Amino acid sequence: MPAFKQRENVRFASGDTSCAAWHYPGSNGGCVIMAGGTSVTKEPASDLFAARFNDAGFAVLAFEHRRFGESGGTPRQIVRFDEQVADWHAAIEYAAGLPDVDPDRISVWGFSLAGGHVFRVAADHPRLACAIAQTPLVDARAVAPHALRSMTPLALLRLLGLGVADTLGGLVGRSPLLVPTAGPRGAVASLTTPDAMDGDRALDPERRHTNWEQTVAARIVLQFGGYRPGRHASRIRCPLLVVVCDQDQSALPGPAVRAARNVPGSEVVHLSGRHYAPFLESHEQAVEAEIAFLQKHLDPRDPR
């Protein structure tokens, strides 16, 4: 369990609601804005890395997207990609106004689905000092065939049926039909790749996050294949670090590496392990590479 310095619960406006966040005050003017993938709330998504970034002197703003966790927005547990990207824009605006943050030394950090959002956010914010995408989902169309092969035919049919029913129900104001975010092969879940079930031991090994609802509205299965944030890579002008895991069976490393090639001066770090390895066996390698990157681009005391 990471040891935290003082951190405070804050909220910032986004759209017609607000997002909940932890603010870790920093000492060097740099700030890292963090969020996790799909239904992962701010504590399991960021605690392990945020404590280390903060120990290195950086402020941290770790938030959760609207409709999830303590953030506002209804109906709940619904992923809307454009809304979530708008939440990132709002988080950047909020962080820029914090007393311990230099607006010209802000970075964004996301993993999995939020790692894909980082590509869009960085492309839209040339003022960002740098960005980190960890095991990012950059091309769902490329990932979809592998994800579908990880499902049994019956489970896939049932999931698609729920997705259609959830989408149609949403049009007439019905409550979302929820499915588990991850499950074993044969389960009716959003993701059943071989490493999907590593999430619990990676993000909540001590079962502390009892309020973390690991479900998502089934309509995501119909939206997923069209999300390709890596297409925005060529518009990114800030330094970008992409961390991939060579045995990742959920986001796959290949699409992220290819997207990174379209970003001038981008850096790619390869780790051994599956999708959640940066939280598990490859954590030290991941966090050391990320802190070095942040110090290079955010910390004026760093001589590099």
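The values are calculated or read from the model by the stated rules, or taken from the named source; none is laboratory data. This one's a predicted model, so the numbers in the text were calculated from it and none came from an experiment. Quick reminder, even Gly has a Cβ in these numbers, built from the backbone with ideal geometry, and neighbours come from all protein chains shown. Ligands, DNA and RNA are excluded from the accessible area calculation, which covers all protein heavy atoms including side chains. Shrake-Rupley method; radii C 1.70, N 1.55, O 1.52, S 1.80 Å.
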- Scanning region 267-286 residue by residue, those of a type outside the set (Ser, Thr, Tyr), buried (at least 20 other Cβ atoms within 10 Å of the Cβ) and closer than 24 Å to GLU206 by Cα turn out to be GLY273, ARG274, HIS275, ALA277, PRO278, PHE279, ALA286
- Item | Filter pass, ALA286 being in contact with a helix residue (DSSP H, G or I) (Cβ under 8 Å, 6 or more places away or on another chain) and within 21 Å of THR192 (Cβ to Cβ) | no
- Query: Can GLY186 be described as in a helix (DSSP H, G or I), more than 16 Å from the chain's Cα centre (by Cα) and over 22 Å from THR41 (Cβ atoms)?
  - Reply: no
- Residue count, region 215-247 (criterion: outside any helix (DSSP H, G or I), farther than 13 Å from ASP166 by Cβ and of a type in the set (Lys, Arg)): 2
- Task: Tell me, please, whether a residue that is within 19 Å of HIS117 (Cβ to Cβ), open to solvent by 80 Å² or more (accessible area, probe 1.4 Å) and without any contact (Cβ under 8 Å) to a residue 40 or more places away in the chain can be found in region 207-218.
- Result: no
- Query: Taking only pairs six or more apart or across chains, which ones have beta-carbon atoms under 7 Å, a first residue in region 265-277 that is in contact (Cβ under 8 Å) with a residue 60 or more places away in the chain, and a second residue that is open to solvent by 30 Å² or more (accessible area, probe 1.4 Å)?
  - Reply: ARG274/GLN247; ARG274/GLN249; HIS275/GLN249
- Quick one: which of ALA165, ALA131, ALA144 is closer than 19 Å to CYS245 by Cα and either open to solvent by 10 Å² or more (accessible area, probe 1.4 Å) or assigned to a loop (DSSP other than H, G, I, E, B) (or both)? ALA144
- Per the filter on region 186-197, residues open to solvent by 30 Å² or more (accessible area, probe 1.4 Å) and over 23 Å from THR167 (Cβ atoms) are GLY186, PRO194, MET197
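Per-residue answers, yes or no, for (1) out of contact with any Phe, Trp or Tyr (no Cβ under 8 Å at 6 or more places or on another chain); (2) surrounded by fewer than 21 Cβ atoms within 10 Å (Cβ to Cβ); (3) over 20 Å from SER46 (Cβ atoms); (4) in contact (Cβ under 8 Å) with a residue 60 or more places away in the chain:
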| position | (1), (2), (3), (4) |
| --- | --- |
| GLY199 | no, no, no, yes |
| TYR227 | no, no, yes, yes |
| ARG237 | yes, yes, yes, yes |
| GLN247 | yes, yes, yes, no |
| ALA259 | no, no, yes, yes |
| GLU290 | no, no, no, yes |
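Residues checked against (1) in contact with a Ser or Thr (Cβ under 6 Å, 6 or more places away or on another chain); (2) without any contact (Cβ under 8 Å) to a residue 24 or more places away in the chain; (3) buried (at least 19 other Cβ atoms within 10 Å of the Cβ):
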{"residue": "ALA155", "(1), (2), (3)": "no, no, no"}
{"residue": "VAL172", "(1), (2), (3)": "no, yes, no"}
{"residue": "PRO176", "(1), (2), (3)": "no, no, yes"}
{"residue": "PRO184", "(1), (2), (3)": "no, yes, no"}
{"residue": "ALA202", "(1), (2), (3)": "no, no, yes"}
- Note on the structure: Restricting attention to region 203-250, the residues that are within 18 Å of ARG76 (Cα to Cα) and among the small types (Gly, Ala, Ser) number exactly 2
